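Q: Just dropping this structure here.
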Amino acid sequence: MSAQTDRPVAGPPQPSLFQKLKNYPNTIRVVSVVTFFIVWEFGATDADRLFIAPPSEIFDAAVVMIDDGTFWRLVRESMEHFIIGTVLSIVLGTAIGVALAMWWQAEYILDPFINGFYAIPKPALVPLFILWFGLETTSKVMIILSIAIFPMIINTYVGIRDTRGSMLDIGRAFGASERQIFFKIILPGSIPYVMAGARLAVGLGIIGMIVAEFFTSMIGFGGWIRETSDTFETAQMYFLIIVVGAFGIVLTELVVALERRISRWRILEQERVQG
């Protein structure tokens, strides 16, 4: 009888370094940003300060603007029309998207106007808005609205259309009313699309804010960016651009957190499917 050789039982495969890093997304993000600024600092050492400023000089300019109150004044000036314009874009865009998806009459009537208005370059409308609404808050709000509303309309429309099908037949088979079908089936099913539209609307709202401040009364971040570029105060200009980008990151993360909160059921379902 031949002797049997004992062999070690192979355990589960060990995760690679990249698989381990996948569990630390925030660490990766922080390291990438820090690395970027370090490379920028050393790369801009011998550069002409007229064109590019190193992060150390940008930090000094930021301290000066915060200490003398300029930064907080710009925040107050920009936030007024940004908040109004973005909130209106989300609310009105969602309402229009729902109307287009639920009633064919609204879709047929509004579709050519939405497609045509969406195709118009929005800076071309700025002179018209200035003629109609002047140079103050109303014109800025309208510029933001004209840019940020379309993702909400399109995403809401697609989200509701995507849920209209077998799920509606199941709801009706169980005796659900039209109101229950909308609030229990259609609306929850379209939340990911609506929140994706909100993320886009927030980013486009920031773009609209800067465009509005460039072309109307030069106030807020957009006005000061233009002012510092005209006076060759490069460090301040870079600081404001970085602040606008960081503002977009923060708002996008807030929208993502809100989506996770109101669609917790979907996340739990994904985790259950993935095991």
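Q: Which condition number in (1) at pLDDT below 90; (2) part of a helix (DSSP H, G or I); (3) hydrophobic (A, V, I, L, M, F, W, C) is the one that residue 64 fails?
A: (1)
Q: Sticking with this one: Looking at 30, 75, which one is within 26 Å of the chain's Cα centre (by Cα), surrounded by 11 or more Cβ atoms within 10 Å (Cβ to Cβ), modelled with pLDDT under 90 and over 30 Å from residue 163 (Cα atoms)?
A: 30
Q: So, one more: Of the residues in the stretch 91-126, how many are of a type outside the set (A, V, I, L, M) and touching a residue at least 60 places away in the same chain (Cβ under 8 Å)?
A: Looking only at that region, the number is 5.
Matching residues to (1) more than 30 Å from residue 139 (Cβ to Cβ); (2) of a type in the set (Val, Ile, Thr); (3) modelled with pLDDT of 90 or more:
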| position | (1), (2), (3) |
| --- | --- |
| 197 | no, no, yes |
| 206 | no, yes, yes |
| 235 | yes, no, yes |
| 243 | no, yes, yes |
| 248 | no, no, yes |
| 268 | yes, no, no |
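Q: If residue 111 satisfies all but one of (1) assigned to a helix (DSSP H, G or I); (2) farther than 30 Å from residue 186 by Cβ; (3) of a type outside the set (Gly, Ala, Ser), what's the number of the condition it fails?
A: Unmet for residue 111, out of (1) assigned to a helix (DSSP H, G or I); (2) farther than 30 Å from residue 186 by Cβ; (3) of a type outside the set (Gly, Ala, Ser): (2).
Q: Within the stretch 212-229, which residues are within 15 Å of residue 135 (Cβ to Cβ), part of a helix (DSSP H, G or I) and of a type in the set (A, V, I, L, M, F, W, C)?
A: Matches in the stretch 212-229: 212, 214, 215.
Q: Output the residue which, of all residues in the stretch 201-230 that are surrounded by fewer than 19 Cβ atoms within 10 Å (Cβ to Cβ) and among the aliphatic types (A, V, I, L, M), is nearest to the chain's Cα centre (by Cα).
A: 207
The values are calculated or read from the model by the stated rules, or taken from the named source; none is laboratory data. In this text, all values refer to a predicted model and were calculated from it rather than measured experimentally. Because the Cβ atoms are built from the backbone with ideal geometry, glycine has one as well, and the counts that use them run over all protein chains shown.
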